[in-house]
Structure formats: structure tokens, C-alpha cells
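Asks: Can you keep this structure in mind? I'll have questions shortly.
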Amino acid sequence: MNPIGFIFEHYDGVGQWRDQQNGKDIDAVGEVVQTDDIDGEYDGALELASALAASTQVQECVSSQWFRFAYNRTVTQEDSCSVEQLNDAFRSSNFNVRSLLVALTQTNAFLYRRAVELDAGGAQ
């Protein structure tokens, strides 16, 4: 019912590590499904974290989420070049978030504003 949730079973309700619950050993094997590149079983949060860090899908998601946050809008088709530029900069910096933040200021989406369209009455 909760395949990925089992990965976190070693942590109790307040985040403390535990090896047993009610006298039984914890089984922290869980499964990740429906991803582009990391589907499979993982034994514990550290193993999952390593897989997530190496995932191209996750790395590109980080870039696009920073884009959305920084520009306070969703990513559109017109933004594809800017997002790809961010992905390239993030990848070439060995996934350094500071470099990603600098790269956000170098995209066309940051450097140029879209013209505001006015209706016939002069309203936006």
C-alpha cells in the first residue's frame, strides 16, 4: 500500500533511528516506481538518497523547480531554452546549487521581460 514509505521505517514518529519496533527487526526495503531512471527496491533512506542524487530526472526537476520559484510562475514551452540552459549549468557545476542560482540570472527569462498585451481599451 505504501511501497516508498517502508524505506523510512527506521525512523520513528519524531525522527529517531530505531532497529526494532515492538521487538521485531525493521524491514526498511521499499520500492520506487514510475520514474525515468531509478525504479526499483531500496533498503533505507540513505540508499534512496544516493539514487535520487544520481537521477537525471531529479536533477532536471531541481532546475525547473528553482526556475518556477525564482520567477514565480510555471514553466511554459517558451521557457524550454532557459530551462535547458539551467540544466546544462547545473550539470557542468557538478550540481552545485549556488551555480544554479547564478545561472538563473543568466537566462533570457531573467534578462528580458515579455511585452504586456493591451486590449482595445488599453487594459491588460
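Asks: Apply 1/(1 + (r/R0)^6) to the Cβ-Cβ distance of L101 and S64, taking R0 = 22 Å, and write down the FRET efficiency to the nearest 0.05. Walk me through the numbers on the way to the answer.
Replies: Details: r = 14 Å, r/R0 = 0.64.
For L101 and S64, the calculated efficiency is 0.95.
Asks: When only C-alpha pairs under 8 Å and at least 6 residues apart count, what is the relative contact order of the chain, in percent? Working shown, then result.
Replies: On the way: 117 pairs, mean separation 18.0, N = 124.
Rounded, it is 15 percent for the chain.
Asks: Continuing with the same structure: What does the convex hull of the Cα atoms come to per residue for the stretch 5-53, in Å³?
Replies: Numbers: hull volume 3.7 nm³, N = 49.
Cα convex hull per residue, to the nearest whole number: 76 Å³.
Asks: Can you list the trypsin sites (Lys or Arg not before Pro) in the stretch 67-103 that are in a DSSP coil and have 13 or fewer other beta carbons within 10 angstrom?
Replies: Values: sites: R68, R73, R91, R98; in loops: R73.
Here the trypsin sites (Lys or Arg not before Pro) that fit, given the DSSP loop and packing criteria, are R73.
Asks: Restricting everything to alpha-carbon atoms, can you work out Rg to Rh for the chain with a Kirkwood hydrodynamic radius? Present the calculation step by step, with values, prior to reporting the outcome.
Replies: Values: Rg = 20.8 Å, Rh = 17.6 Å.
Ratio of gyration radius to Kirkwood radius for the chain: 1.18.
Every number here is computed from the coordinates shown, using simple stated rules; none is lab data. Everything numeric in this text was worked out from a predicted model, so none of it was measured. When we count neighbours, we look across all protein chains shown, and the Cβ atoms used for this are built from the backbone with ideal geometry, even at glycine.
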